[in-house]
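Visitor: Below: one structure in structure tokens.
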Amino acid sequence: MTGTWERCIRLREPLKTRPFLLFAGLAGLGLLIGLYREAVGLGYVTGLNDGYSWGLFKNWNVTALTALGSGGYAVAVLAWIFNEKKFHPIMRTAVLTSLLGYGTGMLALGFDVGRPWNFVFLADPRTWNHYSVLWEVAVCMTAYFMLALDVENMPPFLERMYRSGDPKKKDLSMKFFKFMQRTFPFGIALAFVLPSMHQSSLGSLMYLAGPRVNPLWQTPLLPLLYLLMAYILGFACVLLVLALSAYAWDLGWDAAIMGRLAQVMSWVTMIWLAFRFGDLVYRGVLVNALNFDKFSLYFLLETALILFPALLLLSKAQRETPGALFRLTFLLSLGGLLYRFTPTTLAFSPLGDYHYFPSTAEILMSTGFTALAVAVFLYAVKTFAILPASQGKIAAEEAMRPFDTL
Amino acid sequence: MLSEVISSTTEEKSATFRNGVDRRTFLKIVAQAAAAVGLTGSMAAKMVAAVEKGARPSVIWLHFQECTGCTESLLRTSHPGLAEVLFDLISLDYHETLMAAAGHQAEAALEAAIKKNAGNFILVVEGAVPTKENGIYMQIANKTGVDMLKHVAASAGAIVAIGSCASWGGVPSASPNPTGATGINQLLPDKVVVTLPGCPANPYIFLGTALQYVALGKLPELDELGRPKFAYGRTIHEHCPRRAHFDAGRFAEEFGDEGHRLGYCLYKLGCKGPMTHASCSVLHFCEVVDAWPIGLGHPCFGCTEQNVAFNLPMLKPAEIVRPTPPATYAPVTAPQGYISPIATGIGGLLVGGILGGGWMASKKIAKKEEPASPGVMRSKGDTTGASGKE
Amino acid sequence: MDVNRREILKALMGGTVAAAVATTGMPVGTAAKPEKFEADPTALGLMYDATKCIGCRACMPACQNANGLTPDVGGSGGLYLQPDTLNAHTKNLIKLYVAEDGHERSFMKQQCMHCADPACVSGCPMEALHKEPNGVVGWTSHLCIGCRYCQVACPFNIPKFEWDKFNPKIVKCELCRHIVGTTESEPACTKVCPTHAVIYGKRGDLLAEAHRRIKAKPGFYFEDHVYGETEAGGTQCLVLSQVDYIHLGLPKLGNQSPAAQTRKVSDFVYRGFLTPVVVYGGIVAIVRNRWKEHLKHAEHGGGEDTHGEEKRA
């Protein structure tokens, strides 16, 4: 296969395609409903209540989807700590998915909190309750987004500045680039430590709920399991995005990168499964899985979606078949997302007799935030050099227009 | 003589002429009077002492825009009866309905009483005072009500507004209030005015207030509208004999229906009890048990309250300002939360769409990216754009 | 009524020593044996004896008025004060439990339990929910971001949120801290209770009184157990009942506070921020070498070639 990805290119495709307009439209709708929510309050726009006070925004857009947005973090570990150099061409894509996953997650969080104007007080260290897991998540995610993610995503932007032809812009971009060069190890270490902290804290959040989270999920190991799942979903997201992009825009298929990503992902899943089942056996609750009540069914579904694809991905043959790779990664990511989502909502039984399902407006808002991520992704890959491409594609692009122009 | 006029109209107890009554009977009368209005025995003694000293306080009673119903209701008391009050406990120096004098003689009596008892007399006002066009809508002896009120009130020791008209305007003040009828406390802003609203006011509230003043020299505790708290501190709803029916949800729905006959709560027929501060439910009228609106089967219409009586429709249900729990209890857990069927449908569609989309994408990726069998030309693949899945 | 006000006051006033003895050496029935607690005996709280409650619900309108709450009229069309659960308009609720076969019934007064080591306080990012020096768990508006973690954390599902407001508050009983000590000497509910079913005082005194009642009538109260003595690390609002507490909506809880459990897990990982710092240093050390190598490689392969930038990310 001659699909090896050599470098990043800017796609010369038109921006306003039907899918882009669809996602942009959904995003616009979601944001409009968000504005309405700010005016009238959460009660009119969501199905949230005093029992299930956390719903789609916190539990899906933040807890579940930022795990998908851990691609930049996970691939960076492979590329920089384990020194697997072949991942460098996909780093930009990975950190872009992270930026978008976290960005829209934090946007959803901003719409979800009831009194956002008091966020300013969070800047005053005297108000900090360092015992609070949610405080840790808030501060750490913000720090990650503001100090690490945006800097990590600068290179394609700087590059475009450099090529713009304006000498001032060229100079500025070079200055910033030199700064990045000098501080790179410190920056990337931050981009490792910060997400480790908050991705695990996202798990610890539900630990405080104690017996109200079903024993099949409630464990002191929640932070570890959530952190490992962040890796798994990070890899999965990068895999899926690259596969879809390769399909859509003829980028070629880099079997080495995709195969290795899938392999590492399946190993980490095995480690995750070991901790998960080891914990269940240690606490003696594995039998609950055979109750066939709704919790046991969620558990069996989640386990099936995680276990079987991961087992299959251990096999090289499966990893080398793009269709199977995509399918299995897709199923694995569904299972992983289900795992991240379940302790917060499906397995959470508040005291009393509460029922929750997101309202239509809530679903539209949540979908809108996700659609925003997709729309911005489409915009970004057609404006900046982010997606990796194989030699064939590069040649085709070069024929259309030389690379040293915008 | 005044006493002769009165004696010909009162039924029994004519032997309460001051001169013809022995001390024992007199003490009994005073004790009865005190008890009837809730004053203790020691206060009765004080009253006796005050009266024996010959210090029967002077009372000047002015009438303005009124129907004389409050005076009429006062005539229908028996403990003490009006005769006892007039002869033994107070000195009624001016009362347009009850005095024998008329014309200039009456005016002279008024002026004399004011001069003689300046600073000490009790001014009782019955009726609202018209204020439009300088108060020409009610004049006595060429003096407008406003002027008369201000003139007399200037030297009064205590001022009592009896009835809703004097308290806040009453029926003359009903919309559109063509005469500008107002309560007297609005016209005497710098004076303490005891208001006893009601249509008519319950006479025993007046007697209680007046006799307390006589006995102790001070007025009862008043609320922010000048109403004595002992009578107007609670709403009818708060001490209604039919309250248990209200709490249990037993209502008369129509006049004459089963519930009405059984004496159920009249809330749905427009009872303004919840909005009305008064004591009618515990202090009935005309000395007949249950002689008050609700007791007779008619909803209270809020005659003491300015924004209720002659303002809100009689049969329109009242607003409950301080609701209390009903006769039923909350269970230990009550179901909460609403699940929208439409949202469930949309959620289902979304999940289905994602699953379907993922499956289709995997098929398309397989077709495109997997090496074709030898000899078959691989198409460049369609570029219909991203299938739109993350 | 066999316990009158005088007896209660006597017990409360003279109970400090008894409280110390009671909390350490009290024989508890089949309930979990209490370990050493840090529950402060001088912290303020309530004791509700369900066997004395007659269900008059005077405490409900009293609480509404004292706190300036809009009454929750439920589905009654404005007729009654009829909440069926604690909510943004209801800080105090009297509920009735009737057994399915009707053989037992009990009232239950539900309000914030004012835990000794509250989960809500532990979870609140800026401690908008905080513990006052006198033990009352209070809420401060300017520090609340409306994240609602307190609702997730509370074992008794107490904090309620004003879902229908643009400027929502967290609403729960705060033991009338806005008036106690200034215009009032006790919360509105205890002030109006005609049978003194709910009383106010320091936790040590209340606990002593509870044990005194249990001792006076052995076997009368359910399992001779005071609910709140050990549950969730101890609560300042205690409940005595003849029926099983679970029927009153009080969950069966261990004697460790959720806040303490979470702190344990956090400490294990973070060790007071030591772990992140050490890991950070380690990563910098590892990456530095790789980065130097990467730069050297880029220099040799790239030069002015801007394409080279794309490989580094």
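Every number here is computed from the coordinates shown, using simple stated rules; none is lab data. Since the model is a prediction, treat every value here as computed from it, not as a measurement. Reconstructed Cβ throughout: ideal geometry from the backbone, glycine too, with neighbour counts over all protein chains shown.
Visitor: Taking just the C-alpha trace of the protein assembly as shown, give me its Rg and Dmax in Å.
Guide: When restricted to Cα atoms, the protein assembly as shown yields Rg and Dmax of 41.0, 141 Å.
Visitor: So what's the angle, to the nearest 10 degrees on a 0 to 90 scale, between helix A:255-283 and the longest Cα principal axis of chain A?
Guide: Approximately 10 degrees, to the nearest ten.
Visitor: Using a Cα-Cα cut-off of under 20 Å, which aspartates and glutamates could be cross-linked to B:K150, ignoring same-chain neighbours fewer than 8 residues away?
Guide: Counting by Cα, and skipping residues close in sequence, B:K150 has these aspartates and glutamates nearby: B:E66, B:D93, B:E96, B:E107, B:E111, B:E126, B:E133, B:D190.
Visitor: Which value, in Å³ per residue, describes the convex hull spanned by the Cα atoms of the stretch A:249-395?
Guide: On the way: hull volume 22.4 nm³, N = 147.
Enclosed volume per residue, from the Cα hull, is 152 Å³.
Visitor: Given 20 °C and 1.002 mPa s, compute D for the stretch C:30-123 with the Stokes-Einstein relation, Rh being the Kirkwood radius over Cα pairs; round to the nearest whole µm²/s.
Guide: 134 µm²/s
Visitor: Now for a different question. List the chymotrypsin sites (Phe, Trp or Tyr not before Pro) in the stretch B:180-280 that DSSP assigns to loop (not H, G, I, E or B) and whose Cβ has at most 15 other Cβ atoms within 10 Å. Which are they? Before the final figure, lay out each step's value.
Guide: On the way: sites: B:Y204, B:F206, B:Y213, B:F230, B:Y232, B:F246, B:F251, B:F255, B:Y264, B:Y267; in loops: B:F255, B:Y264.
Sparse-neighbourhood loop chymotrypsin sites (Phe, Trp or Tyr not before Pro): B:F255.
Visitor: Restricting the calculation to Cα positions, tell me the Rg (one decimal) and the Dmax (whole number) of the stretch C:158-308 in Å.
Guide: In order Rg, Dmax, the Cα atoms of the stretch C:158-308 give 29.2, 92 Å.
Visitor: Reported to two decimal places, what Rg/Rh ratio describes the stretch A:1-115 when computed on Cα atoms with Rh from the Kirkwood expression?
Guide: 1.10
Visitor: So how many Lys-Lys pairs in the stretch B:176-323 land under 26 Å Cα to Cα, not counting same-chain pairs under 8 apart?
Guide: So the count of such lysine pairs works out to 6.
Visitor: Within the set of other residues whose C-beta is less than 11 Å from the C-beta of A:S53, count the net charge using Lys and Arg as +1 and Asp and Glu as -1.
Guide: +1
Visitor: Right, next: Scattering from the C-alpha atoms of the stretch A:124-175 alone, worked out with Debye: what is log10 I(q)/I(0) at q = 0.19, 0.25, 0.32 1/Å?
Guide: Each listed q corresponds, in turn, to -0.68, -0.90, -1.08.
Visitor: Can you give the relative contact order of the stretch C:5-257 as a percent, counting alpha carbon pairs under 8 Å and 6+ residues apart? Can you show the working numbers first?
Guide: Details: 472 pairs, mean separation 78.7, N = 253.
Here the relative contact order equals 31 percent.
Visitor: Restricting attention to the stretch C:192-227, which chymotrypsin sites (Phe, Trp or Tyr not before Pro) occupy a DSSP loop and are surrounded by at most 12 other Cβ atoms within 10 Å?
Guide: C:F220
Visitor: Give the peptides B:74-87, A:46-59 in descending order of average Cβ contacts within 10 Å, highest first. Could the numbers behind the result be given before it?
Guide: Details: B:74-87: 20.0, A:46-59: 24.5.
Averaged packing, sorted descending, gives the order A:46-59, B:74-87.
Visitor: Here's another thing I want to ask about it. From other protein chains only, count the Cβ atoms within 10 Å of every residue's Cβ in A:185-192, then give the mean.
Guide: Mean inter-chain Cβ contacts per residue within 10 Å come to 6.
Visitor: Which whole-angstrom value gives the distance between the alpha carbon centres of the stretch B:169-183 and the stretch A:328-389?
Guide: Going from one Cα centre to the other spans 67 Å.
Visitor: log₁₀ I(q)/I(0) of the stretch C:68-142 at q = 0.11, 0.16, 0.20, 0.28 Å⁻¹, via Debye over equal Cα point scatterers, no solvent, to two decimals?
Guide: These q points yield log10 I(q)/I(0) values of -0.45, -0.80, -0.97, -1.21.
Visitor: So what is the relative contact order of chain A, in percent, for Cα pairs below 8 Å that sit 6 or more residues apart?
Guide: That works out to 37 percent.
Visitor: At a 10 angstrom cut-off on C-beta neighbours, averaged per residue, how do the peptides C:104-115, C:161-172 rank from highest to lowest? Working shown, then result.
Guide: Working: C:104-115: 23.4, C:161-172: 18.6.
For the peptides C:104-115, C:161-172, the packing ranking is C:104-115, C:161-172.
Visitor: Near B:K364, which lysines are there with a Cα under 23 Å away, not counting those fewer than 8 places off in the same chain?
Guide: Result set, ordered by chain and number: A:K16, A:K316, A:K382, A:K393, B:K380, B:K389.
Visitor: Oh, and also: Give the separation of the Cα centroids, the stretch A:150-180 to the stretch A:38-93, in Å.
Guide: Taking the Cα centre of the stretch A:38-93 as reference, the centre of the stretch A:150-180 is 28 Å away.
Visitor: Output the pairs from C:K95/C:K172; C:K169/C:K252; C:K131/C:K202 with a Cα-Cα distance over 19 Å in this structure; if there are none, say none.
Guide: Cα-Cα > 19 Å for C:K169/C:K252; rest within.
Visitor: If you build a Gaussian network model of chain A, linking Cα atoms that sit under 10 Å apart, which residue out of A:V151, A:V45, A:V120 swings the most?
Guide: A:V120
Visitor: Then there is this: Antiparallel versus total DSSP beta bridges in the protein assembly as shown: what percent is that, nearest 5?
Guide: Expressed as a percentage, antiparallel bridges in the protein assembly as shown total about 55.
Visitor: As an exercise, identify the chymotrypsin sites (Phe, Trp or Tyr not before Pro) in the stretch A:281-317 lying in DSSP coil whose Cβ has no more than 16 other Cβ atoms within 10 Å.
Guide: Qualifying residues, ordered by number: A:F292.
Visitor: Separation of the stretch C:51-74 and the stretch C:228-254 by C-alpha centroid, Å?
Guide: 22 Å
Visitor: With angles folded into 0 to 90 degrees, how steeply does helix A:133-143 sit against the dominant principal axis of chain A? Use alpha carbons for both and round to 10.
Guide: 10 degrees
Visitor: Roughly how crowded by other chains is peptide A:200-211, in terms of the mean Cβ count from those chains within 10 Å of each of its Cβ atoms? Mind dumping the intermediate values first?
Guide: Working: counts 1, 3, 0, 0, 4, 5, 2, 6, 15, 9, 12, 6.
Other-chain Cβ atoms within 10 Å of each residue's Cβ, averaged: 5.
Visitor: Here is a further query. Under the definition of partner shielding as Cβ atoms of other protein chains within 10 Å of a residue Cβ, what is the mean value for peptide A:121-129?
Guide: Counting Cβ atoms of other protein chains within 10 Å of each residue's Cβ and averaging gives 4.
Visitor: Please enumerate, by chain and number, the aspartates and glutamates with C-alpha under 15 Å from the C-alpha of B:K368, excluding those fewer than 8 residues away in the same chain.
Guide: Leaving aside aspartates and glutamates fewer than 8 places away in the same chain, those within reach of B:K368 are A:D250, A:D254, A:E320, B:D382.
Visitor: Moving to a separate point now. How many percent of the alpha carbon pairs in the stretch B:234-326 exceed a separation of 23 Å?
Guide: Summing the P(r) tail past 23 Å for the stretch B:234-326 gives 16 percent.
Visitor: Also, quick follow-up: What does the highest-first list of A:34-40, A:113-119, A:213-219 look like by mean Cβ count within 10 Å?
Guide: Details: A:34-40: 14.0, A:113-119: 18.0, A:213-219: 21.4.
Packing order, densest peptide first, comes out as A:213-219, A:113-119, A:34-40.
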